[in-house]
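Written below as structure tokens is the structure these notes are about.
The values are calculated or read from the model by the stated rules, or taken from the named source; none is laboratory data. Being a predicted model, the structure only gives us computed values, none of them experimental. Heads up, the Cβs are rebuilt from the backbone with ideal geometry, glycines too, and the neighbour counts pull from every protein chain shown. The protein model used for the area step is the full one, side chains on, heavy atoms only, and it has no ligands, DNA or RNA in it. Shrake-Rupley method; radii C 1.70, N 1.55, O 1.52, S 1.80 Å.
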Amino acid sequence: MGNGATKKEKQKNYLLQTCDEHEGSINCMDLSEDGSVLVTGSDDSNVRLWTTKTEQCECIGLLEGHDDYITSVLIEENFVLSSSADKTIKKWDMTSCECVLTFLGHDSTVNKLICTGDFLFSVSYDKTARCWDFDTGECIRKFTGHKNNITSIMFIPSDRDNDTQTLQFIQEQAEKSKKNFVKTLQNISGAYDEDDIYSKDLIITGSFDTLAKSWSIETGECVQTFRGHTSAITCLATDLLGKILFTGSSDHSIRSWDIMTGQLLRVFSGHQTTVLSLLAHRKLLYSTSSDHTARCWIMDFGDCTRVYKEHEHSVSCIFEQNGFGKESLNKIA
């Protein structure tokens, strides 16, 4: 079965445009919530802003100030945040392109950033993750426990409302059945007490020590350790509900885990070298790799449904907009 397209039509390039103003490899990118602005970070130590509203993407801002290559960028409200091998994080005003705050504290390259609004989180080669006040730049909490470079981080918000709805549904079903109602209710109560993992805000980190760890933001303590990869964990993603964790590794594999129990659910095999980034979208998981490809997987089964082969070098990151993937080359053509 097929879609009726000829073999020649299927082989047409999906490349729409190449943005080549950076003078070094593009390492990271982020897209504004409304999809109007793309931000990229490069080996040239600069961050650039691009408009997507014109027929062709145009550079509309150059953010200069880091002393080494850019490792991570993100857009938060009217600000751009960037991390660098110069050990710093910078906060930029998108309108003026001026740096308004520098976050200091890490002892080595800052690898990745995420933001929750009031708080900024970072991970570093110094084996730590840190929580910062978004407005003041003060380091609020330091997470220690990994034995090697931390490469990636994710935020998992608490899910008290969803747990309450689930509890009510199960109680209703048990009451209808009238079978072992008391025992069922006791089991439910034990599973959904206040110590339940989903009642707390978490961060999850991945490290060169082959482990991923979940942490309580409130206490700074490690909640769960995910063991199974045989080499460095390079990237993380979760499903829409934040119940399943996906980890990519330099062991060429992707693995899925139950965030609550730490149980390994599935291994996704197909990439020939290091998995560099992951993107979860609905029932699909997208991955990029240093094998010059991006892949699309079915989350529930681990089947690879499409391989994107147009790149000539490592594919470092990918974003999805309106069903179309936006990939970035590790090396500019």
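Computed values, structure above
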read-out: Residues (closer than 24 Å to Ile298 by Cα, surrounded by fewer than 19 Cβ atoms within 10 Å (Cβ to Cβ) and either modelled with pLDDT under 95 or of a type outside the set (Val, Ile, Thr) (or both)) located in the range 193-231; value: Arg227, Gly228, Ser231
read-out: Complete set of residues in the range 58-76 that are crowded, with 18+ Cβ neighbours inside 10 Å and either closer than 15 Å to Leu16 by Cα or among the β-branched types (Val, Ile, Thr) (or both); value: Ile70, Thr71, Val73, Ile75
read-out: Odd one out for His313, checked against (1) buried (at least 22 other Cβ atoms within 10 Å of the Cβ); (2) in contact with a Leu (Cβ under 6 Å, 6 or more places away or on another chain); value: (1)
read-out: Those residues of the range 104-138 which are surrounded by fewer than 19 Cβ atoms within 10 Å (Cβ to Cβ) and farther than 21 Å from Ser207 by Cα, in sequence order; value: Leu104, Thr116, Gly117, Asp118, Phe119, Asp133, Asp135, Thr136, Gly137, Glu138
read-out: Residue list for the range 96-110, filter: closer than 14 Å to Val47 by Cα and not in a strand (DSSP E or B); value: Ser96, Cys97, Glu98
read-out: Residue within the range 273-280 that is assigned to a loop (DSSP other than H, G, I, E, B) and either open to solvent by less than 30 Å² (accessible area, probe 1.4 Å) or of a type in the set (D, E, K, R) (or both) present; value: no
read-out: Lys87 vs. criteria within 23 Å of Thr219 (Cβ to Cβ), open to solvent by 50 Å² or more (accessible area, probe 1.4 Å) and not aromatic (Phe, Trp, Tyr); value: no
